[in-house]
Structures are given as C-alpha cells and as structure tokens.
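Quick notes on the structure that follows.
The values are calculated or read from the model by the stated rules, or taken from the named source; none is laboratory data. Being a predicted model, the structure only gives us computed values, none of them experimental. Here Cβ is always computed from backbone atoms with ideal geometry, including for glycine, and neighbour counts include all displayed protein chains.
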C-alpha cells in the first residue's frame, strides 16, 4: 500500500471531489501534532493515521470518517482535546475520534483491566456511531500489517489472538468481508508462521493450476445463460489462506472443500438468480446438501446470494454464488455500502440500519445488560455474540439464527421469552421428546410445552443451560423465589 497524501486524495477524488481541502487540513493538523513521534518501524508516526485513512477511503468513507481516521490518535498521544478537534473540524469528527480513543490506563489496576474497559467502550461506541468501530477496524488492520516491527514475539501473538477473537468477528458482523479476510490472514501469519507459508504456497499453486478450469467454467456458464437471454457477469475467487487452513482441519484435501473455488455470477434481478440456478444445475451436477438460499434467508450481516456446490470438469467441486449487483456490493462493503450514496445521508442511513436490522447491535446491548464487569462483557462477547451460530426453527417455521453452537432446548425456550423458559415442562425436537439439556443442531425444529402452574426453574437448570441469557433469567427466578420464601405463581 502506497502511504502518501497524494494516494489518499487520488482514492477519495474518485467518489468525492468536494471535501479534499478538509481532508488535507486534517492531515496537516495530525502531522503537526505527531511531529517528533515515531513508530517501532522507525517511520514518522503520521504514516500510521495516513494508512488508516487510505484503508477507510478504499471503503468510500465519508469526509468526517476519513478526517477522524487521520486524527484518531491525537487525543491519546498528544495534548490535544476533544474541544480542540471540534473547533477545527466539527463535532462529528470530534465524537468519532473520542470513540476510538482509549481510556486512560492509569485508571485501572492492570493492563488486562484496561484492555477490557477499552474494548467495552469501543464496542458500545457504535450505539452513538457505528463509524467508530469501522475506524478501529482500519486502525487494527494497519497495526497488523506492521506487527513485524514489534520485536517482542509474545506481544505479537497476544495482539494477533485478540484480533482474531474480537476484531475479525466484528468485521464479519458488519459484513466487511475484505477487512475480515485480511485480518484473519495477518493473524495467521503471526500465530502460525510455518503453516501460513505452507498454505499460502498451496493456495498460489492451486490458483495457477486451475486457470484453465476457471476459464472453461466461466465460458460454459456465460454461454448457457446468454443462450437463455440472461445477461451476466462472472467473477472468480479462492478462499483466503486462513479459510483454507480452517477448512482443511476438518477435511482430508483441498478437493473436499466445497467452497474453496467460488464463481460469483452477477445478474440483473432476483428472478434471474433463481432462473439461472436451474441452468447451472442443468450444466453441472449439484451436490444438494450444500445448497443455501441466502436470498430468502439472508445472513445476519445482510449477505444475500444463492449458494450451490456443483461437480465440474475433472470432477472438481466448486461453489456457484448467484446474486444481483446490489447484493455483490453488500457482500464486498457490508454496512459501509451506505457510503456509496449521498455523503450527507450515508452515515445516518448506516446508523439507522444498524439499529433496526443488525442482530449484532441488539446482541451487544443485551450482553452489556447481562455483564456485571468489563471482563465478563468481553468474555460473553467471545462466547455468545462472536461464537459460531446454529440455525433452528420454531414450530411455526420462524428462523432463530442467533443461538451459539452448544445451546440447549432450555436455552431456546429462554431465547423465545423468559416466561416460556420459566414455565417450560417439556421440549419436542423434530417431533420427538428430548431432555432440557439436549444440544440443538442446525435445522432442528423445536416446540416448547409450557404450564404456568408448573414449579418453574430449579438449581439443576443452571447446569442444563449454556447461554448467559438463560442463566440470568433462571437466577432471577430463584432469587425472587428465595426472597418470597415460597413457590412463585405466575399468570398465563
């Protein structure tokens, strides 16, 4: 990445010609404030905020976000105040910079306590403005790109582990696929350098060896679709290095990774996606167990597409992703796709969408209520919000896709409503009776039988529930029962 003001202005000028003067002013201000400060690489410190601003500009960030990227360290590392920034660049920029600024470490009794407090502050900062999280992701990405200059290997690994457990899931939750993959690969490089080199080489060799295959499949699909009057654009991608590593942990060879090779078929509208699926299946034999309809049931980060895995030439398996152009933009840019509109309203629409449509936002607020300390907040984020999810259904066919893997039938009951959990007397999964501690699996349909005259939770329920939500509700019931000194009664 070329780190220069000229490169930044060139990128910004592709989509915003009206605020380059303000961005240049922010650069000069940050350069002056950081004068005499150097990074561990020996470079002037200004190279870091400039790189962060370039990463943001590649996402088509608005002017205030880019200015905040340039200024994100001036409060923490210099004598500059929020009021100073507000006076020079406006309240919006000052709020973004304060959102990214760490709390004073002197206020805490250990570095761990300080880190947990700062993580909680940062994540909750999206309640004010989600751009705070996006700036921090750009900041962390550049820090990972230059982590080799941190000579302490233990600190390198700690930073990589924190990034993998916290920042990668945040990027995924916001739909920032490119940022997520870049962070994953950088973490992998420092955590397992030998494996990183091995799988990078595997990926590169496979990409070279499949050039003819990619050309043949692209040509065949394009011809079939055009013959049926379906305009299309076809792109190709390979899994990132860390993704290959994770996949091969569960499989014997690259040939068994069904989504290692993927063709993205960009179409005019949703009808064309479903119609093209038929033609793809007529051309290549589908492996139906891998089919996913993310158009009807989008992912939590709003990703949409039809995914089908097929057997192609040379008996190789690969994935086809059928989507519209707008779906592809969301796939690439996630929530930042709103920046592709009017700069004045993009940030407002982004924030409104976060609060109304993103489960990640609602889950964070709930975890914040459940957590009694900063440490517990961070642990619950890792264990529940960022954990691998299962997809299950209510008896009425409503999809529940926010339960962490390992959740039980009892957790499901409390996920629906605390009264359902408290009055639960039986659970049916796929029509069969199961124990309360039955571990749910993808695709299960669950029916909870209730009786409002039942005795309700007991201490044993705590060992059968796995989620923080269920534990809290069970404890609340037991504590209330203890205070009353008698069995609780509930009204249906």
### Query
So which of 118, 102 is under 25 Å from residue 184 (Cα atoms), outside any helix (DSSP H, G or I) and either in the same structural domain as residue 79 (by TED's automatic domain parsing) or touching a strand residue (DSSP E or B) at 6+ places or on another chain (Cβ under 6 Å) (or both)?
102
### Query
Tell me, which residue of the range 290-323 that is without any contact (Cβ under 8 Å) to a residue 12 or more places away in the chain and over 19 Å from the mean Cα position of the chain (by Cα) is surrounded by the fewest Cβ atoms within 10 Å (Cβ to Cβ)?
315
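Here's the yes/no breakdown for (1) at pLDDT 95 or above; (2) in a loop (DSSP other than H, G, I, E, B):
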| position | (1), (2) |
| --- | --- |
| 452 | no, yes |
| 456 | no, yes |
| 462 | yes, no |
| 475 | no, no |
| 479 | no, no |
| 483 | no, no |
| 486 | no, yes |
| 491 | no, yes |
### Query
If you go through the range 401-413 one residue at a time, do you hit one that is surrounded by fewer than 18 Cβ atoms within 10 Å (Cβ to Cβ), touching a helix residue (DSSP H, G or I) at 6+ places or on another chain (Cβ under 9 Å) and over 30 Å from residue 289 (Cβ atoms)?
no
### Residue check, residue 387 free of Cβ contacts under 8 Å to residues at least 40 places away in the same chain, assigned to a loop (DSSP other than H, G, I, E, B) and under 23 Å from the mean Cα position of the chain (by Cα)
yes
### Task
May I ask you to verify whether residue 372 is in a loop (DSSP other than H, G, I, E, B), outside the structural domain of residue 471 (by TED's automatic domain parsing) and more than 15 Å from the chain's Cα centre (by Cα)?
yes
### Query
Just wondering, is there one or more residues in the range 264-281 that are under 30 Å from residue 190 (Cα atoms) and without any contact (Cβ under 8 Å) to a residue 40 or more places away in the chain?
no
### Query
Would it be correct to say that residue 468 is under 28 Å from the mean Cα position of the chain (by Cα), surrounded by 15 or more Cβ atoms within 10 Å (Cβ to Cβ) and not assigned by TED's automatic domain parsing to the domain that holds residue 299?
yes
### helices (runs of 4 or more DSSP H) wholly inside the range 170-281 that include at least 2 residues being over 26 Å from residue 156 (Cβ atoms) and at pLDDT below 95
193-209, 211-227
#### Entry: Residue within the range 144-161 that is closer than 25 Å to residue 247 by Cα, at pLDDT below 95 and not in a helix (DSSP H, G or I) present
no
### Task
Name the residue, out of 217, 224, that is more than 19 Å from the chain's Cα centre (by Cα), more than 30 Å from residue 389 (Cα to Cα) and buried (at least 19 other Cβ atoms within 10 Å of the Cβ).
217
## Note on the structure
Of those in the range 438-449 that are surrounded by fewer than 18 Cβ atoms within 10 Å (Cβ to Cβ) and closer than 16 Å to residue 420 by Cβ, the residue farthest from the chain's Cα centre (by Cα) is 449
### Message
Please pick out the residue among 124, 137, 56 that is surrounded by fewer than 20 Cβ atoms within 10 Å (Cβ to Cβ) and assigned by TED's automatic domain parsing to the domain that holds residue 178.
### Response
124
### Query
On the given criteria, is residue 95 assigned to a loop (DSSP other than H, G, I, E, B), surrounded by 15 or more Cβ atoms within 10 Å (Cβ to Cβ), more than 22 Å from the chain's Cα centre (by Cα) and without any contact (Cβ under 8 Å) to a residue 60 or more places away in the chain?
no
